[in-house]
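Data first, discussion second: the structure below is written as structure tokens.
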Amino acid sequence: QVQLVESGGGFVQAGGSLRLSCAASGLTFSRYKIGWFRQAPGKERQFVAGIMWNGGDTFYADSVKGRFTISKDNAKNTVYLQMNSLKPEDTAVYYCAAGVGLRLGSQREYNYWGQGTQVTVSS
């Protein structure tokens, strides 16, 4: 059974940092791309960042480019999302997802999803 478990969310003031982790089990982790998505109250879930199966290619939403960094540790079956210079508009539930395919930003290419972790940024 495939499981993706997010951790590291919390409450932080604007300008602060958080590091989210996504631990995977039940799949050959090194063969999957991993994406981070977020959903704010009343809004649709949106792509944040993604990394290819070998960690070689990454892709970011324009809204987080230069502030967030995604990385993948295949030995630990874990993906990280380092979030710096956080803004109140980053407040959302953050989800990680695993999938195959070449389009990192396409939600339809992600087959497995975690339960999410809440990130709240105060102004």
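Here are a few things to note about the model shown:
- Note that the stretch 38-79 shows a convex hull volume over its alpha carbon atoms of 88 Å³ per residue.
- Accessible area (Å², per residue) of the chain, counting only protein heavy atoms and a probe of 1.4 Å: 52
- Under 5 Å, built H, 5+ apart or other chain: amide partners of Thr91: Val121
- Surrounding net charge for Gly66, when Lys and Arg each add one and Asp and Glu each subtract one, Cβ distance under 14 Å: +1
The values are calculated or read from the model by the stated rules, or taken from the named source; none is laboratory data. What you are looking at is a predicted structure, and each value in this text was computed from that prediction instead of being measured. Quick reminder, even Gly has a Cβ in these numbers, built from the backbone with ideal geometry, and neighbours come from all protein chains shown. Note: accessible area is taken over every heavy atom of the protein model, side chains too, but ligands, DNA and RNA are not part of it. Shrake-Rupley method; radii C 1.70, N 1.55, O 1.52, S 1.80 Å.
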